Each structure stands twice: as structure tokens, then as C-alpha cells.
Amino acid sequence: MFNKSWIYLALILIPIALFFDIRAMLVISAFLLTIVPIAWWWNRHSLDGVAYQRSFGERRAFPGEVMDLTLAVSNQKILPLGWLVLQDQWSMALPLEEGRLFPTPSGQQGYFRSAFSIRWFERVNRHYQIRCSRRGFYPFGPARLRSGDIFGLFGQHRVHNQLDWLIVYPQVLPLEALGFPQKEPFGETKASWRIFEDPSRAVGVRDYQPEDSFRHVHWKATARRQDLQIKVYEPTTSHNLGVFLNVATYAHHWQGVSPIILEKTIALAASIAHHAVDERYIVGLVANGSIPHSDQPIKVLPSRRPDQLARVLEALAAVTSFSTSSIESLLLAESPRLPWGATLVVVTAVVTDDLVSTLYRLHKVGRRLVLVSLEEESPPAFLKLPGFVIHHLPASELPFDDSLLGEPEDWAPDVAPPLNFARSSG
């Protein structure tokens, strides 16, 4: 509204006011030559030394929990701020306990608005509570700070591009509550004490025996000795568990996705991983779903890391309904990378003929398999083979809280979530 033209106008009005003795015009000219420059200078420096920060009580939560959020605005200069308007972009899926968000045209993101009046060298904190309504990665930001002079003549804004993330894990329930048997949910417990050879720990070589697999041939040692040599691995009693998650909820991709069934499948995989970690299993996760802004399947390699469960839950919090490949091809591609004594747990909402064929093929070569089916109908009877554990848990009977389920759609439009699980190693 105000610019240099008003100053030129005041300079022209002063001699006219003096010549015709128009006091009102003289007062207006004096106002323009004094107040406007002061207001302009005040506005120019109003956002200098102004800092904005979000502080979360916790960065990770489970559905239904309430998280504390503190918004802090500080003014590190001698010039006070008569007014400052904050507009921060949040997800509409995380409602405030007290307050409201104004929706954007997309309907997924919303704006939180608040006004401040800050004195010199003052910091103002405001506390809010956010209800974590459902699984997902949720960005906070960017924020827009708007302020100006104390007279309200000028204004300027600055964008605060710092993004903060809140991770909401899937629901986790005890396996007994989900319908698993209290004992040996993944087969006989005696198997967890068997001594396996860990292919990641080679300790030497020996001469080849007829029953040895050519996969274990040490070719460099064979070349030196001119005789077949086999790698000798360190024995281990650790039980490896690989959870394979199928995000498909129908037999064909063109049939669409059932968000509720997908969320129950993900929550069931999270519950299995949680139980396995409690039982001191070495747990890994492979899913044919993808994370936002990616077309690669999710992989969390089996590991002994203390934070392995958090990494698995973080991966499940990020998974979307976009399927990168079929669960059958993923099983055939990833199962050879797991130790031979590992148990492969397939969690799926749909059991197709191709999946049955793949499971039968893996069982035939000696793999330990556990099928967890969420279909309403029981899996085929001929799959009940020795050493093949089947759990039929219809999705409609699972005791998950449906009000906390729903496919997360509130991702930042052009920013992928900061995941750190993709290259975990054993």
C-alpha cells in the first residue's frame, strides 16, 4: 500500500500547504515524512533475529497415543514485535486436542495458525497436544512467519523450511489375542535350539564331501589346492525369522485395495515381529510394498541391533499400498539370502494359486514355512504338510481397533520421509 510515491507526494504537499496555509495538509505531509519511514524501517527489521522451533515430547508413537508439542518463537533483538502471525503446515490426520486446523485445497494437509506479540529478547512457548490417530509418517512444515511494523502499515513474511517428522507405528497386540496358539506359534520350539551353520560366518575350509552343496565351494582355496574345498561355517543356535508381508488385498492389482484389510495385515506383521524380538529371534522384514516416492520393495535385513524392532516398525509405518512386485517373486528372490535354518513367515490377506505353488516349492527344498492368512476362507487342505505351519486368522475377526486403521495418505507432496532402515545388516 505504501511506497516511495507517498514520500514524493509529501514533499510536494508541504510547499502547497505552507503557501495556502492548509494545516491539515501540512499535518498529513509531516505524518508521511516521519511515521512512514519509521514504519518502513521497523518492518524491514521486524523478522531479524526471529527463530521458530517445534519440540515433540516423542518422535515415535502408537495409534491412539497423545503426543505433546511445543511451539517456540524467540525474538533475539532489541526491537519488539507488535504482532507476528504463524502459519504452520500439518497433517489433517493428526487432530489437535484443543484447537483446529484449516484445510488446504488438497484436503490432506492443513494450516495451523497462531498470533504472537513478543517483546525484546523474549521467548514465547505454547503447548499443544496431538492425537496420533493412525499409522504413518507425518511431516510438520514448512511454516510461514508474517510480521511488520507496530502501526500495521507494512508487512513481510519469511518461510521456515525446516521439516519435522512424527512416526506413528502400526498397532501391536499379543499373538495370543490375535488367535495364535500360546506355545510354538512358528513351529516346534525344539527347532530354535538346533545348531545351524551361519553362512555369514566362515571360519575355515575342508575337503569336499558328496553331500555338500556347490553353493558352499570355496573356489579360491580349490584353485590353490587343485581339489574341491568347502567353506566351514561357525555354528549358531540363533533362530532367524524372516517376515514376508504381502500388501495386495485382492488376487489382481486392478481390483484395487481394501485399506482396512491392508492395515490389519500390516498390524499383524508388526505384532509378529514384536513377539519374535521378545523371544530373542533375529528378525528381518521384506515387503512388496513401497515407501512414498520410491518404487523399491521394503527390506530390513535380519540383525542383532538393539534397535531392530524400532527399524522394523518404522518400515511398517512407511509402507504404502503400491505393490512393487508379486509376493511370489519376492519370496523366490529374497529367501536364498536368508540363512538356511531361518523360518519364513508369510503374512498375506489373499492366498492365490501362484502363492500356493511357490510355498510348496520352497517347502519341497527344505525351507521352514509359516503361512498367516487373513482370508475369510481357509487355505487349501493340501498345504498342511509336515513342517508347514498355517494360521488362518480371518480379517473380520482380528481384534484391532478399526477406528485407528486407515491407509495413510498424508505424505509431504515432494519430500520422502527420512528412513534409516534400508541397509540394516546382520
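By the Stokes-Einstein formula, at 0.890 mPa s and 25 °C, the range 245-335 with its Kirkwood radius over alpha-carbon pairs has D equal to 182 µm²/s.
Atom-type composition of the exposed protein surface of the range 262-420 places 50 percent of the accessible area on carbon and sulfur (1.4 angstrom probe).
Specify whether the C-alpha gyration tensor of the range 50-160 places it in the rounded, prolate or oblate class, a ≥ b ≥ c being the square roots of the eigenvalues: rounded for a/c under 1.5, otherwise prolate if a/b is larger than b/c and oblate if not. It is prolate, given that a/c is not under 1.5 and a/b is the larger ratio. Orientation-averaged projection of the range 3-85 equals 8.8 nm² [convex hull of Cα atoms, one quarter of hull surface area]. Peptides 135-144, 240-249, ordered by how many other C-beta atoms sit within 10 Å of their residues on average, highest first, read 240-249, 135-144. Could you tell me how many degrees, from 0 to 90 and to the nearest 10, lie between the Cα long axis of helix 308-318 and the main elongation axis, the longest principal axis, of the Cα atoms of the chain? That works out to roughly 60 degrees. Probing with 1.4 Å while keeping every protein chain in the model, the per residue accessible area of the range 54-164 equals 49 Å².
The structure-derived value of Cα extents along the principal axes in Å appears in the list (1) 117, 57, 37; (2) 70, 50, 40; (3) 145, 41, 41 under the label (1).
Ordering 332-342, 13-23 by mean Cβ neighbour count within 10 Å, with the highest value first, yields 332-342, 13-23.
The values are calculated or read from the model by the stated rules, or taken from the named source; none is laboratory data. Computed from a predicted structure; not experimentally measured. Cβ coordinates were reconstructed from backbone atoms using ideal geometry, including for glycine residues, and neighbour counts include every protein chain displayed. Only protein heavy atoms, including side chains, enter the accessible area calculation; ligands, DNA and RNA are left aside. Shrake-Rupley method; radii C 1.70, N 1.55, O 1.52, S 1.80 Å.
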